[in-house]
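Heads up, the thing below is written out as structure tokens.
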Amino acid sequence: MMGYPNFVKIVDVGPRDGLQNEPGFVPTETKVSLIHKLADCGLSMIEAGAFVSPKWVPQMADGADVFAAIIKKPGVVYSALTPNMKGFDLAMVAGVQEVAVFAAASESFSKKNTNCTISESIERFLPLCDAAQKAGISVRGYVSCVLGCPYEGDISPAVVADLSSRLMDAGCYEVSLGDTIGCGTPAKAQALVNEVGAAISMDKVAVHFHDTYGQALANIHAVLQQGVSVVDSSVAGLGGCPYAKGASGNVATEDVLYMLNGLGLDTGVDMTGLLTASAYITGELGRPPSSRVALALNGSVEAVL
């Protein structure tokens, strides 16, 4: 056990990973307003959109318009998911600062979701990573199904560690480990992070834990003690779990921040501003937040942690 990090970077993925799971299209101006509010509360990295096929992900069809409308705040990284060269080229035209690529730790999941093997998925984005390096653009890697797969069940930490190493070799500066179905538990999360950290260095490891089984905060707390200092989360808990109908997906940024504040860890994020962003987007969507902290504070943005 290494003890807690001095600073934890929160990466809010709500504008992309959260809103892409909405049943209807969220207006561009709403997305942009949300991004601005997230930047205003002190978040230093926001996953602002994606450059993907509008046929398969219509909710992200306005990626270029979103990035054109963002008033970029100094010190804030606005990233985009770009699964292939076409998406990367569009992102470059839009002036995106950082891109992300993804692979699955499960062969079955990879074949069903991207119609290719794990190795083939990596081969697909090698040209993208090379182009990004030449353009001076940072690339973040995502690995999905790190603690379990809806088709294969348990996933070996060794498989995740090997895939993470391959992502780093391809040019990623960091790998975010995604518990896609939210089935992980603290002991399993620690074992995974230890193996991956030994393979690529713990300071290159981020976590992206879903809350389907109510374990996300416990898992985050467990891996913080292993040296992880980058946590993905989604404002208001935006985003569901596609493999468990009605279940929550992304852990809420408000809940993560409340826990980190309680541990005395620095994040640079202001809870009052974050609650303002949370209230805004849930109001626009016409439903309450999935965040327990936001619900407990009853929408108040006065005198909170």
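In the range 258-287, how many residues are in a loop (DSSP other than H, G, I, E, B) and over 21 Å from the mean Cα position of the chain (by Cα)? Give the derivation first.
The initial filter retains those residues of the range 258-287 that are in a loop (DSSP other than H, G, I, E, B), namely 263-265, 267-270, 286-287.
If we keep only those that are over 21 Å from the mean Cα position of the chain (by Cα) as well, we get 263-264, 286-287.
Residues meeting the conditions: 4.
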> Only one of (1) farther than 16 Å from I200 by Cβ; (2) surrounded by fewer than 16 Cβ atoms within 10 Å (Cβ to Cβ); (3) small (G, A, S) is not met by A132, so which one is it?
Replying inline: (2)
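Output the helices (runs of 4 or more DSSP H) that fall wholly within the range 61-166 and possess 1 or more residues being more than 22 Å from G197 (Cα to Cα) and of a type in the set (V, I, T), or say none. Spell out how you get there, then give the answer.
Details: elements: 63-69, 85-93, 107-114, 118-135.
Of the helices (runs of 4 or more DSSP H) lying wholly inside the range 61-166, those with at least 1 residues that are more than 22 Å from G197 (Cα to Cα) and of a type in the set (V, I, T) span 63-69, 85-93, 107-114.
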>> All but one of (1) in contact with a helix residue (DSSP H, G or I) (Cβ under 8 Å, 6 or more places away or on another chain); (2) of a type in the set (G, A, S); (3) closer than 20 Å to V230 by Cα hold for G178; state the number of the condition that does not hold.
In response: (1)
> When the range 93-105 is examined, which residues are found to be buried (at least 17 other Cβ atoms within 10 Å of the Cβ) and of a type in the set (A, V, I, L, M, F, W, C)?
Replying inline: A94, V96, V99, A100, V101, F102, A103, A104, A105
>> For the range 129-154, which positions are out of contact with any Gly (no Cβ under 8 Å at 6 or more places or on another chain) and not polar (S, T, N, Q)?
In response: A131, K134, A135, G136, I137, R140, G141, C149, P150, Y151, E152, G153
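Residue by residue through the range 126-171, note down the ones that are aliphatic (A, V, I, L, M) and free of Cβ contacts under 8 Å to residues at least 40 places away in the same chain.
So in the range 126-171, the residues aliphatic (A, V, I, L, M) come out as 126, 128, 131-132, 135, 137, 139, 143, 146-147, 155, 158-161, 163, 167-168, 170.
Matches in the range 126-171: A158, A161, M168.
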>> Given the condition within 20 Å of S53 (Cβ to Cβ), surrounded by 24 or more Cβ atoms within 10 Å (Cβ to Cβ) and hydrophobic (A, V, I, L, M, F, W, C), answer yes or no: does some residue in the range 162-182 qualify?
In response: no
> Counting only residues that are in contact with an Asp or Glu (Cβ under 7 Å, 6 or more places away or on another chain) and under 15 Å from G18 (Cα atoms), how many does the range 32-60 have?
Replying inline: 4
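Tell me yes or no: at least one residue of the range 139-157 is hydrophobic (A, V, I, L, M, F, W, C) and surrounded by fewer than 21 Cβ atoms within 10 Å (Cβ to Cβ). Show your work before the answer.
To start, the set of residues in the range 139-157 that are hydrophobic (A, V, I, L, M, F, W, C) comprises 139, 143, 145-147, 149, 155.
Imposing the further condition that a residue be surrounded by fewer than 21 Cβ atoms within 10 Å (Cβ to Cβ) reduces the set to none.
Looking through the range 139-157, none of the residues is hydrophobic (A, V, I, L, M, F, W, C) and surrounded by fewer than 21 Cβ atoms within 10 Å (Cβ to Cβ).
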> So G42 clears everything in (1) on the phi < 0 side of the Ramachandran plot; (2) crowded, with 17+ Cβ neighbours inside 10 Å; (3) over 13 Å from the mean Cα position of the chain (by Cα) except one condition, right? Which one?
Replying inline: (1)
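Scan the range 1-29 for residues that are part of a helix (DSSP H, G or I) and crowded, with 18+ Cβ neighbours inside 10 Å and jot them down. Steps first, please.
Of all residues in the range 1-29, those part of a helix (DSSP H, G or I) come to 14-21, 28-29.
Within the range 1-29, G14, P15, R16, D17, G18, L19, Q20 meet the criteria.
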>> Here are the criteria: (1) within 28 Å of G24 (Cα to Cα); (2) modelled with pLDDT under 95; (3) out of contact with any strand residue (DSSP E or B) (no Cβ under 9 Å at 6 or more places or on another chain). Tell me which single one C241 does not satisfy.
In response: (3)
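The values are calculated or read from the model by the stated rules, or taken from the named source; none is laboratory data. This structure is a prediction, so every number in the text was calculated from the model and none was measured. So basically every Cβ, Gly included, is an ideal-geometry build from the backbone, and we count neighbours across all protein chains shown.
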